[in-house]
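Before any comments, here is the structure.
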Amino acid sequence: MNLNLRSLGNRSSLMAARRSDFRGGGVVSPWWRRLLASVGLALAASVLVLTGPPTPEAGAQSTTTVQFDRGGYNAAEGDSAHAKLTFSPATASQATFTINTTAGTATAGDDFTAGPHSCTVPSGRTSHVCNIPVLADSQIEDYEQFTIALAAPPAGFTLGANSTATVQIVNVSVVPDDWALKPAGVGAGGQFRLLFKTHTERNSVPSDIGVYDGFVRARVSGAGTGHADIRPYASTFRVVGSTPSVDAAWHTATGIVVSGEPSHTPFSTPVYWLNGPKIADDYNDFWDGTWDDNSHSAQRRANGNVSTNNRGPNTGTQTGTTHATAGTRRGSNALGTSGTHSR
């Protein structure tokens, strides 16, 4: 699950989110940009003359560089990791590439299909998506990870710097249609994620993101702080926050979908306040700077009640970016950096 941190003075309140599947569901949570910006909330041009490519030396052979377009991919249980290869220049002919897998916290055969996997790319491509199957299970668990790596490419290709990437598997939990915390308007088979704001606060001094995850999970699992129907899913919540080494969007698997790319699960999952109204239609909407309903009457605690803590959470996350790749949302006010984190 995911949570959001925001500090007031030297203290921080948190927010968490989770995702479910009506026949499935999971969890996650983010925070809006305007708040994130408050957290602590020149154009140069030159004239170029195109002269054309240099004439290659006699006997020289050009090669195409192949690599992953990013260092990590999110994938929901039962779906696939959609790993995008990029080519510079474009492929001159059809070619087949091999992607190997290495287990991490995710286990081959239980959580993902072990490699090698073959991926055939047509001629004339500058990019191509290769699918690595991710398996579904019935366990309620935190995200798991494994590594994918491009093997030595065929003749005419060389590996780029991004020849390996991490795949993060997002838990999908199945809940019954009459589940008490089912958001209004979600039907059978629909997926959603839930977000809450912690009522109690803590300082934002530690740089270990796990400290904040533990804090929000304790709010979910507590008999006096978490709704009875959400307690079994405490381990799936994660704080919505950034540290000097962890990006909030990656940590919560809420990376923005790039225009022109297919919208894959879990990227099209709507986000709701726990036992409350909808926050965003999808992750693009979640990070676009505004939420559908972020009024005080909409904000919820882990027990599903309206939050009475009107102070905003400290996420340690910056705004003003258009793509949630690692590092883009971390700033000088990241959780765990020196100094006080205040609004």
Any residue in the stretch 159-171 that is open to solvent by 20 Å² or more (accessible area, probe 1.4 Å) sitting within a Cβ distance under 8 Å of a residue that is polar (S, T, N, Q)? List the pairs, counting only those 6 or more apart or interchain. 159/65; 159/67; 161/67; 162/67; 163/67; 164/147; 166/145; 166/147
Residues of the stretch 279-293 classified as within 17 Å of residue 252 (Cα to Cα), at pLDDT 85 or above and open to solvent by 60 Å² or more (accessible area, probe 1.4 Å), total: 1
Which of the residues spanning the stretch 142-163 are modelled with pLDDT of 95 or more, assigned to a strand (DSSP E or B) and closer than 20 Å to residue 113 by Cα? 146, 147, 148, 149, 150
If you take the residues of the stretch 98-148 that are in contact with a helix residue (DSSP H, G or I) (Cβ under 8 Å, 6 or more places away or on another chain) and of a type in the set (D, E, K, R), which of them is least open to solvent (accessible area, probe 1.4 Å)? 141
Subset of the stretch 270-290, residues touching a strand residue (DSSP E or B) at 6+ places or on another chain (Cβ under 7 Å) and either over 11 Å from residue 193 (Cβ atoms) or among the aliphatic types (A, V, I, L, M) (or both), comes to 271, 274, 275, 276, 279, 280
Taking the criterion of being buried (at least 21 other Cβ atoms within 10 Å of the Cβ) and within 19 Å of the chain's Cα centre (by Cα), would at least one residue in the stretch 176-188 satisfy it? no
Pick from the stretch 208-239 the residues that are surrounded by 16 or more Cβ atoms within 10 Å (Cβ to Cβ) and either modelled with pLDDT under 90 or of a type in the set (Phe, Trp, Tyr) (or both): which of them is nearest to residue 316 (Cα to Cα)? 212
Tally the residues that are in a loop (DSSP other than H, G, I, E, B) and within 15 Å of residue 152 (Cα to Cα), restricting the search to the stretch 84-116. 2
Can you tell me which condition residue 93 does not meet? The list is (1) touching a helix residue (DSSP H, G or I) at 6+ places or on another chain (Cβ under 8 Å); (2) open to solvent by 40 Å² or more (accessible area, probe 1.4 Å), and all the others hold. (1)
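The values are calculated or read from the model by the stated rules, or taken from the named source; none is laboratory data. On a predicted model such as this, the values are computed, not experimentally measured, just so you know. Please note: Cβ atoms are built from the backbone with ideal geometry, for glycine as well, and neighbour counts cover all protein chains shown. Calculation scope for accessible area: heavy atoms of the full protein, side chains included, ligands and nucleic acids excluded. Shrake-Rupley method; radii C 1.70, N 1.55, O 1.52, S 1.80 Å.
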